[in-house]
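Colleague: Before I ask anything, let me first share the structure, which is written out below as structure tokens.
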């Protein structure tokens, strides 16, 4: 066992974390992380799509360091520090036109819970709808909203009430038009049999379903949901935790659909992996949120705001998102070429640098991931209920050469494990 691996059973750390690798890393730079022996690994997980600008981007590091010398903790209930409004103003420019008002927190779980609380205050209703296969978090409420894996829920119930799960279109169905129609009829049936539409505060959906295996939500399905929201006074909530901030080649994945959400939930890539999250909404909804009914000790932390502003600067550099799209095309084209050579690779899908390839078994996917790590020094991870999908989510700063390096290691793994 190398010194980069866990060296023994004795530790004061909890064992609750599910480990993708046993790597002990000491630093990161760009798309690579390094162990204590200075072995470099190409990180195509990016902290589960959080390190949007790569590890230790110099602009982000500088912004955090400079801010740390001015203010580390400026509690938002007590006083307003000078980066809160600039972050809100930049987000107003970046988010869909319907979004103009922002609340900040520390994690995606907190922001999803905040979205539910806001929706209930804004509508006076008590119920929400999510979709089969979604993942929204690990708190009790967000677990109740999540159905991607039973392990995330097992042993933790009972969960909060008022959460109803509607069908999501099967991406593998041969007739997608019919499948989308079936899923929408399922939602309508839910209105008829379990919760009346006029009692629903919000419908919450990921524009790209994350933990189920990077499944883009079909346009016609999104449009059908939006229509039902408008007809019934239901708020449309876009969970952009993984898909936001350039991950799909657009600033937000919902832009693919021409939909104006009522609430958008943002985290992960918003601050290059620094713990920071934001809820965006329409002012008319925020005005109904009772002052003092929500908050937190570290909401809008100065360091998080500094990291977010620096991240926005990087993501909006001329040509940045064009490069994300180009690298995503390079990646998916390579994977589809491999698909022609390997019958066990059933599907390749995704948008931008939010890409997945699905195999015929979890064992096959795990063997490939393991070979890529051990022999190619490329870090990948699986997803989905059956763990047979490999996710590709490198930092958005990834280069053409790094894509080539990763796919070469992947091809070698396919040959070695086939």
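Colleague: For segment 231-258, name all the residues that are without any contact (Cβ under 8 Å) to a residue 40 or more places away in the chain and closer than 15 Å to residue 96 by Cβ.
Modeller: Those that are without any contact (Cβ under 8 Å) to a residue 40 or more places away in the chain and closer than 15 Å to residue 96 by Cβ: 236, 238, 240, 244, 258.
Colleague: Could you tell me which numbered condition residue 341 fails, if it satisfies all but one of (1) farther than 22 Å from residue 147 by Cα; (2) at pLDDT 95 or above; (3) surrounded by fewer than 23 Cβ atoms within 10 Å (Cβ to Cβ)?
Modeller: So residue 341 meets the others, but not (2).
Colleague: Now a separate question. Give the number of residues within segment 367-418 that are surrounded by fewer than 24 Cβ atoms within 10 Å (Cβ to Cβ), in a loop (DSSP other than H, G, I, E, B), at negative phi and in contact with a strand residue (DSSP E or B) (Cβ under 7 Å, 6 or more places away or on another chain).
Modeller: Result for segment 367-418: 2.
Colleague: So, in segment 283-303, of the ones that are out of contact with any strand residue (DSSP E or B) (no Cβ under 7 Å at 6 or more places or on another chain) and closer than 30 Å to residue 396 by Cα, which residue ends up surrounded by the fewest Cβ atoms within 10 Å (Cβ to Cβ)?
Modeller: Taking the candidates together, the pick is 298.
Colleague: Related question: Please specify each residue of segment 355-378 satisfying the condition of being under 23 Å from residue 325 (Cβ atoms) and in contact with a helix residue (DSSP H, G or I) (Cβ under 6 Å, 6 or more places away or on another chain). Before the answer, list the steps.
Modeller: The first filter runs over segment 355-378 and keeps only residues under 23 Å from residue 325 (Cβ atoms), leaving 355-358, 378.
Once the filter is applied, which keeps residues that are under 23 Å from residue 325 (Cβ atoms) and in contact with a helix residue (DSSP H, G or I) (Cβ under 6 Å, 6 or more places away or on another chain), segment 355-378 yields 355, 357, 378.
Colleague: Which condition does residue 330 not pass, out of (1) out of contact with any helix residue (DSSP H, G or I) (no Cβ under 6 Å at 6 or more places or on another chain); (2) modelled with pLDDT of 95 or more; (3) surrounded by fewer than 18 Cβ atoms within 10 Å (Cβ to Cβ), if it passes all the others?
Modeller: Result: residue 330 fails condition (1) only.
Colleague: Follow-up. Give me the pairs, please: first residue somewhere in segment 316-340 and on the phi > 0 side of the Ramachandran plot, second residue anywhere and in a helix (DSSP H, G or I) and surrounded by fewer than 18 Cβ atoms within 10 Å (Cβ to Cβ), beta-carbon distance under 7 Å, and either six or more positions apart or on two chains.
Modeller: none
Colleague: Take the residues in segment 121-158 that are more than 26 Å from residue 389 (Cβ to Cβ) and surrounded by fewer than 19 Cβ atoms within 10 Å (Cβ to Cβ); name whichever of them is nearest to the chain's Cα centre (by Cα).
Modeller: Across segment 121-158, the extreme among qualifying residues is 140.
Colleague: Inspect all residues belonging to segment 312-320 and state whether any of them is under 27 Å from residue 170 (Cβ atoms) and surrounded by 16 or more Cβ atoms within 10 Å (Cβ to Cβ).
Modeller: No, because not a single residue in segment 312-320 is under 27 Å from residue 170 (Cβ atoms) and surrounded by 16 or more Cβ atoms within 10 Å (Cβ to Cβ).
The values are calculated or read from the model by the stated rules, or taken from the named source; none is laboratory data. Computed from a predicted model, the values in this text were never measured in an experiment. No Cβ is skipped: glycine too gets one built from the backbone with ideal geometry, and neighbour counts run over all protein chains shown.
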